[in-house]
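Written below as structure tokens is the structure these notes are about.
The values are calculated or read from the model by the stated rules, or taken from the named source; none is laboratory data. Please read all numbers here as calculations on a predicted model, not as lab measurements. In this analysis, Cβ positions are derived from the backbone assuming ideal geometry, glycine residues included, and neighbour counts consider all displayed protein chains.
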Amino acid sequence: MGAEPAGGAAPGALRRAGYHSGTRRLSFLKSRKLVAVVRALAEQRSGSAACLAAGVSDAELPAYASALDTLAQTGMITERSAP
């Protein structure tokens with residue numbers, strides 16, 4: 001069970017911004033590593049796997065899990081549907 005961005009991470013200077021096309025909401029991600037985690041969601045099967053792929057340490061994992069939970073609650077990322 002993974003997740004996918006509902007809009008996407010913006011390129012260029014705004015690469016720390018995520019845009020939700022349905023709600024027209026723009027969210028700024030607080031770190032480059034969180035951007036890497038969100039991008040990794042597209043290729044990984046879970047949030048934990050995305051965190052691992054992005055280099056999140058065991059000590060950092062609770063904070064990143066909380067950040068992903070917040071992004072999910074606001075609709076910025078959604079659960080991926082089964083293929």
> With (1) surrounded by fewer than 15 Cβ atoms within 10 Å (Cβ to Cβ); (2) at pLDDT below 80 as the list, and Ala42 as the residue in question, which single condition is left unmet?
Replying inline: (2)
> Looking at Gly18, is it small (Gly, Ala, Ser), surrounded by 12 or more Cβ atoms within 10 Å (Cβ to Cβ), under 11 Å from the mean Cα position of the chain (by Cα) and at pLDDT below 65?
Replying inline: yes
> Within the bounds of the range 50-59, is there any residue that is at pLDDT 60 or above, in contact with a Gly (Cβ under 6 Å, 6 or more places away or on another chain) and not polar (S, T, N, Q)?
Replying inline: no
> What number of residues within the range 39-83 are touching a residue at least 12 places away in the same chain (Cβ under 8 Å) and assigned to a helix (DSSP H, G or I)?
Replying inline: 15
